[in-house]
Structures are given as C-alpha cells and as structure tokens.
1. Please list, ordered by residue number, the strands (runs of 3 or more DSSP E) wholly in region 113-185 having 1 or more residues that are farther than 28 Å from residue 77 by Cα and either outside the structural domain of residue 342 (by TED's automatic domain parsing) or within 22 Å of the chain's Cα centre (by Cα) (or both).
2. Looking at region 144-192, which of the residues that are touching a helix residue (DSSP H, G or I) at 6+ places or on another chain (Cβ under 6 Å) and closer than 30 Å to residue 224 by Cα is modelled with the lowest pLDDT?
3. Identify all residues within region 155-168 that are touching a strand residue (DSSP E or B) at 6+ places or on another chain (Cβ under 6 Å), free of Cβ contacts under 8 Å to residues at least 40 places away in the same chain and surrounded by fewer than 19 Cβ atoms within 10 Å (Cβ to Cβ); write none if there are none.
4. Of the residues 328, 366, 340, which is touching a strand residue (DSSP E or B) at 6+ places or on another chain (Cβ under 6 Å) and closer than 23 Å to residue 413 by Cα?
5. Where the second residue is loosely packed, with under 15 Cβ neighbours inside 10 Å and assigned to a loop (DSSP other than H, G, I, E, B) and the first is in contact (Cβ under 8 Å) with a residue 40 or more places away in the chain and lies in region 266-281, which pairs have Cβ atoms under 8 Å and are six or more apart or on separate chains?
6. Please state which of the following conditions residue 218 fails to meet, knowing it meets all the rest: (1) in contact with a strand residue (DSSP E or B) (Cβ under 9 Å, 6 or more places away or on another chain); (2) surrounded by fewer than 22 Cβ atoms within 10 Å (Cβ to Cβ); (3) assigned to a helix (DSSP H, G or I).
7. Can you name the residue in region 125-143 that is in contact with a strand residue (DSSP E or B) (Cβ under 7 Å, 6 or more places away or on another chain) and more than 12 Å from residue 167 (Cα to Cα) and is also modelled with the lowest pLDDT among such residues?
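The values are calculated or read from the model by the stated rules, or taken from the named source; none is laboratory data. Note that the structure is a prediction, hence the values are computed from the model and not measured. Quick reminder, even Gly has a Cβ in these numbers, built from the backbone with ideal geometry, and neighbours come from all protein chains shown.
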C-alpha cells in the first residue's frame, strides 16, 4: 500500500507541474531547478521496495521511513539529527540537567565517535575519558558507520550497568580500553569558590536553562564571601571542557559582564535565523578583571561567551584553542513526540568572526603542563646578619612564612595558576591592560 501511494504521488507530480499556467523560458529554468528530482525519488521508491521484499529480516514500513528520515539529516553535518520520542525526551532532560548515562558530549569524526568533552564529575570523567578521545569500539563492536544518535543510545542505560569503550588517544601508540559504569547524571552547571583572598573562580560546566541566573548568583556569592579588608579583585571563569548547550544561557552570561554592544549574531537562510543579541546596561562585576579559561573541549555556547568577551576587551582568554563549533541547531517538534534538530544558522562574534571549524584562539596560549616547585635551601637575608639595622617601621619587622600558600594549591592546574597571576597583574595595573 505504501509503495502504491508513493508511486502514485510521483506519477501525478509531473502532471500537476505541467498543468500550471504557461511560463517564460527564464521562469521555466528556475522551476526546473526548484522542482523535486523525480528520477531520484523514483529510485528511492525502488530501493524502498527492494528492502521490503528482499532484506534478510522483515522490516516494517514505519521503521524504514524513520531510517530514511534519519539518513537525510545524518549526511548534512555532525549536529543535525532526527529525534524519536525517546531521543527527544533525552534532549529535554539534558537541557534541565539530569539524565542517565556516561556523561559525555560527543560528535563524529575520522570514522569514529569523538569525545568533545566529559562532563565534570561524570562516570566518564572519573573513568579517565578525555576530551579529544576517539571512541572506536563499544563493548568490542566497531562504531564505524554508526550514526551519532545510535552511538548515544548505546551509551545510555540504567544506573549500575557498564560499557567498555575502546578509545584512540593522541600520543598513545595503542588503543585504550576504558570501562565506564553508568549513573544518573546530575549536572551542576555553575559552581564557585574563592581561590585565595580577593580572587574568585566560577566554573560553568554546561549551559542549561538557569545557567545565566546561576552565574549572577555565583558572582554575588563570591562578593559576599569577600570582606572589606580583602574585597573581590578579579574572577576566573572556567569554560574548559564545556561542550555548550543553550544559546540563550550563554547570551545571559556574556550580557552579565558587558554594558553594551553586540554579543553574538546569527546568519542563516531563513529570515528567522538572522538574529542579533545585544547587551543590556549593567556589569555584575563592575569592571573587575576577568580571565576566561578555554581548551579544545570548549564548544558552541562556550565559544559565544569567550568570543564576546574577547572582542569587547572585557576579559583575557587563556588556555588553548577551542573546539570550533560555530553553528546553531534549532529543535523543530513534529507534533507526535518526535523532533528534528537541524543546523539552521552560523553564529558570529561581535567583530564578525565565524567560529565554525576555527574556534577561539586565546589571547595567551598556555598548554596543560605539570608544575614542580623548585625547593631551594634557605638563603641568608639581611635580617639574619648580626648587627643589621632595624627598619624604621616596626610594624613591617614581622617574620614571614616563606612557605605560606594561597587558600588552594594551584600547582596541580598550571592554566588556572597562570590565570590567577594574570588577574593579579591586571588588578595591580588598574585594569589598564584590558582596556587598551
């Protein structure tokens, strides 16, 4: 019945076109280009029928059509996908911050599933999966040729069940087998703490519905933790391994730090895809120095924030080049619990830079490295010499602890260590460096 319906529609389509009023040669040429490719549509029905009749196992017409729709999107780009009811539910769970699985943001590349970044404190992160890893097998089965959505489905599962990921990691001669135990993923999108008196840290792990409000609350909490003797002097915003999320949330965070100007704009084929987002008056940090940390796992909405703050000179960007996902996906519900996630536009930074396949290049490139403090023997100082002159200001003649350290040991994270030193420099210079 389905084959007859498709064939009948295809047979009638040319008649309906020919039945229209006479057109000029120019109009006919345009019409020829815009008309559906009838030859390919007839081939589609032939392939459809051959699969129905001859495939080794019986496949329902509905499943074949679902696969055909999914194939339409899969071949466009790595981010356009067809969402069945379960997939659509998973997407909505992701945006609210709780779902079951491994806690990985993934894409496709080089015939494998590429890890964009593991989510903070997720089972995948704890098991040792890293941004940039290429997943080549799942439970011993190759993923080559597998659609991205099917790979995601395989990684989802009940809490307590496990999956073995075989990954290829740059710099390693052999693949690595990593077993990950699934869990309920609860994403705390924004966290904050004081690194040392006067210098705050805000980690944005993913952009969710409430991330903008949570960011402003985090700044206010840092300000309340600081006292008058040690007021807040600067903030590090950590977007490393942040795979992105909702564009409105990224706009809210960039807007919170800027008084005016364009934050990001998008361009697409549809008029509704051409949008410019502008900042409203008000800087929640009132001009205090900001350093933003990014790396190869910072993608999409993370790049919107970093690009906006970089173009406006509001923050120094430190770390390594970001992922380079400069496209916007629109979720289009189909009315029956299913949806299509379609790439509809490219986004651009305030100065017109496209991030697609390029990423954000940091103002200061700092690769991840291990810091090993050099322990030297105690040197003789003037105060140790017999008969030395005393300082005129007795209040300054207090012993100092040369081994004193900040509230947090930053030596385990050299990028964060450099970011804090940069903040101190900006503060000492009265923020002049950022505003030049």
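1. Qualifying strands (runs of 3 or more DSSP E): 162-168, 176-181.
2. Applying the filter and picking the extreme gives 189.
3. 162, 164
4. Residue meeting the stated conditions: 366.
5. 266/274; 267/274; 268/274
6. (2)
7. Out of the qualifying residues, it is 125.
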